[in-house]
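The values are calculated or read from the model by the stated rules, or taken from the named source; none is laboratory data. All values reported here derive from a predicted model rather than from experimental measurement. Note that each Cβ is placed from the backbone with ideal geometry, even for glycine, and that neighbours are counted across all protein chains shown. Remember, those area values only see protein heavy atoms, side chains included, never the ligands or the DNA or RNA. Shrake-Rupley method; radii C 1.70, N 1.55, O 1.52, S 1.80 Å.
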Amino acid sequence: MVSIKSIFITLLFLTGAIIFFGLSGIDVWVQSHFYNPSTNLWIVTKDETVLKFLFYDGIKFAIIIFNVLLLFVLIFGYKKPLIKQYRRALIIIVASVIFVPLLVGSLKDVTNMPCPKNLVRFGGDHPDTCVWKRYSIELCKKNKIKCWPAGHASGGFALLSLVFLFGSFKRRAIAATVAMSIGWSMGIYKMLIGDHFLSHTIITMIMAWLIILCIVRLVDYIDSKKGFLAR
């Protein structure tokens, strides 16, 4: 079972990341390398259909299909010996791919944080801000913007739950590397088109791991009380 200490340490990292990026100017410094002020264009545009398919629509669809297939395996092969052996990990993965994007997306709905493209310095109409600051009355009257944390990359980082499918360190490291590669490819794409800052992706990554740890602890706790994994 995942320890409370592990969850608490991850929460501390998340809090530290939020404070660090809120007080530093690293986000703007990094993002300025992807923006051309003379043309008011980002290094990659949303019109580039191949990149959009690879790093947005296509990869998101692939993750959804992957999770649906795992769900079918769990439902229809629940009592088969091989599935029974990996049942705990499969439940954790399916739950993570559902709840990580859901919880991150729900947070995006209430934080009202701007994307890089929304900031004045990048051609928008919003001032530089951080998650604990308030907007002016004029900006509060505008429609909410949903850019913090990074919702798109959350689906990729939810795959960090794959580490619980394996027992050996080597295989866990490979699973983590694959998940990080997918999550960061999704996150970097959104940075290159001006939709997210570096911090948005880092915070989503830490938040995803925190949610996964909570799911693991919950699954193990329920199993310790009900013994459903052994049935």
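A few comments on the model shown:
- Close pairs from the stretch 140-152: first of a type in the set (D, E, K, R), partner outside any loop (DSSP other than H, G, I, E, B) and at pLDDT 95 or above, Cβ under 6 Å, at least 6 apart: none
- Among the residues making up the stretch 189-231, those that are free of Cβ contacts under 8 Å to residues at least 60 places away in the same chain, surrounded by fewer than 20 Cβ atoms within 10 Å (Cβ to Cβ) and assigned to a helix (DSSP H, G or I) are L218, I222, K225, K226, F228, A230.
- Pairs linking a residue in the stretch 1-24 that is at pLDDT 95 or above and of a type outside the set (A, V, I, L, M, F, W, C) to a residue that is open to solvent by less than 50 Å² (accessible area, probe 1.4 Å) and part of a helix (DSSP H, G or I), with Cβ atoms under 7 Å and 6 or more positions apart or on different chains, are S6/L213; T10/I206; T10/L210; T10/L213.
- Matching residues in the stretch 67-91 - criterion: being of a type in the set (F, W, Y) and modelled with pLDDT of 90 or more: F72, F76, Y86
- Residue in the stretch 1-19 that is most open to solvent (accessible area, probe 1.4 Å), counting only those that are over 17 Å from V216 (Cβ atoms), β-branched (V, I, T) and over 15 Å from the mean Cα position of the chain (by Cα): I19
- Test: residue in the stretch 136-148 that is closer than 13 Å to N112 by Cβ and in a helix (DSSP H, G or I): yes
- Whichever residue in the stretch 124-156 is out of contact with any helix residue (DSSP H, G or I) (no Cβ under 6 Å at 6 or more places or on another chain) and charged (D, E, K, R) and, among such residues, is most open to solvent (accessible area, probe 1.4 Å): R134
- Comparison of L51, L71, L159, L82 shows that the only residue that is assigned to a helix (DSSP H, G or I), in contact (Cβ under 8 Å) with a residue 60 or more places away in the chain and either open to solvent by 40 Å² or more (accessible area, probe 1.4 Å) or farther than 30 Å from M1 by Cβ (or both) is L51.
- Residue match in the stretch 57-68 (condition: closer than 30 Å to D220 by Cβ, charged (D, E, K, R), open to solvent by less than 50 Å² (accessible area, probe 1.4 Å) and in a helix (DSSP H, G or I)): no
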